[in-house]
1. Would you mind working out the magnitude of the charge dipole of the stretch 91-230 relative to its Cα centre, with +1 at each Lys and Arg C-beta and -1 at each Asp and Glu C-beta, to the nearest 20 Debye?
2. If you find the alpha carbon centre of the stretch 94-148 and of the stretch 158-229, how far apart are they in angstrom?
3. Set the Förster distance to 35 Å, then compute FRET efficiency between Asn60 and Met204 from the Cβ-Cβ distance, nearest 0.05.
4. How big is D, in µm² s⁻¹, for the stretch 82-241 by Stokes-Einstein at 37 °C and 0.692 mPa s if Rh is the Kirkwood radius over C-alpha pairs?
5. Please report Rg (one decimal) and Dmax (integer) in Å for the Cα set of the stretch 241-312.
6. What is the sum of charges around Asp167, taking Lys and Arg as +1, Asp and Glu as -1, for the other residues whose C-beta is under 13 Å from the C-beta of Asp167?
7. Output needed: percent of Cα pairs per 10 Å distance bin for the stretch 254-409, bins running from 0 to the one holding the longest distance.
8. Taking every eigenvalue of the Cα gyration tensor of the stretch 136-227, multiplying by 5 and rooting it, what semi-axes result, largest first, whole Å?
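The values are calculated or read from the model by the stated rules, or taken from the named source; none is laboratory data. What you see is a predicted model; the values in this text were computed from it and never measured. Cβ atoms come from the backbone with ideal geometry, glycine included; neighbour counts cover every protein chain shown. Please note that ligands, DNA and RNA were not included when accessible areas were found on the heavy atoms of the full protein model with its side chains. Shrake-Rupley method; radii C 1.70, N 1.55, O 1.52, S 1.80 Å.
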Amino acid sequence: MKKLTLIGGGGVRAVLFTKSLTLKAEEAGITDLVLHDTDEEQLNIIGQLCRIVITQSGINLRLHLSTDIRAALTGADYIVTTIRVGKELSRYTDEQIALNSGVIGQETTGPAGFSMAIRTIPVLMDYCELAKELAPQAWIFNFSNPSGLVTQALRSAGYDRVIGICDTPSHTKLRMAEAMGVDPKELYVEFFGLNHLSWVSKVMYKGDNILEQLKNDASFVAKVDEFKMFDTDLLRALPYLPNEYLYYYYHRERAIDNIVKSGMTRGQMIAQNNKDMIAALKEIDIDANPKQALQIYLYYTQKREASYMAIETNSGSKPLPQELELPNSLGYAGVMLDFVASLQTGKRSDIVLNVPNAGSIAGFEDDDVVEVSCEITEQGAQPVKIGEVPENMYLLMKGVKRFERLTVDAVRHQSRELAVEALMVHPLVNSYSIAKRLVDDYMKAYRDLLGEWN
């Protein structure tokens, strides 16, 4: 019997998480799922949907809803953290403040990611401290954005059973396999870098590394959403394929122009989308109309996913599928569940995680949290050996890692001076005066949550 606790269980993606869990709960040995949230009303609504998903799956998975964090954590074997301190409105605020200073407004990248991190880190520190008391053997999987930065803070504080999770690399691999027309299990895709700042350094298929062939194949690139947003000349010039979030670095002015011209950030769109979803679900009796409830949920979820990076790339939202049904794939929770399954069964798997470098990437400290392909066994995660990386990529990573380390120190000491230094060294800011204005604006916007910093 294994207990999994999802902190932030009232979030709209908890339904997708639960669906993924039903596909692998038995293999991972998970018998109890606890959804915890501080918003009791939304927790109950989302909890009803999760219960429907579990019932439809037919598996023996017990669901519990709780607003009591101590009860939710006690005896947990696995803890997943997926929280947004300040709720959906904060994402719009974070992005708009950045745009007001003429820099990228994206929730995980640059100033908006900084703002989200300084609110999130103290809350997750408290949860980790409680977990150390109530569930000392639990693995903690951090999904909260910006995942790499938050995981760095928790690891630096001594919480050494924390793993950072981002589903972007796994989704990229699936879409690469689809574009090639091959089974994803036949493909080994190696990643290295930092969270939302990584590259594909190797693509092995039937014993051959076909990366060079793929990145120079215009028809392949055009089929993969994560790559087709980049200039083809850039892809040919780069030695490796870039993570989609590098669009904000390689095509910075395009991203800003497109966001400004649209008159709306994605955060603004998602806040309204989630508000409309919950309002629609409140209008019906979910238990009496489970099919209708799931259709409402799926409509708004698909609408959200269809807008992914559409504003920034000026590509337009994708059309919604005619048939709305829960994906029968591991998706959102798949990375974590694969890790858990390997711990339980001893079966080796290859997963991209945010973990301490431990000698993987040359020039980085062992305790620098990096996003890298790992070999998973029953002992845990072992990052693959990457070695030296191209200088331009190395310098970009070092600059962002410096930003992350300074942000962690700024939160620890509640220091405005360190906060300004952190943003000043970020490649997307690179200005003392802009960094100072951003820190002042974020501190003013979130005074109730952050208190007064030195």
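1. About 80 debye.
2. Comparing the Cα centres of the stretch 94-148 and the stretch 158-229, I get a distance of 25 Å.
3. Efficiency, rounded to the nearest 0.05: 0.40.
4. For these conditions, the coefficient is 184 µm²/s.
5. 16.4, 50
6. -2
7. Bins of 10 Å from zero give 9, 22, 24, 29, 14, 2 percent of pairs.
8. 31, 13, 11
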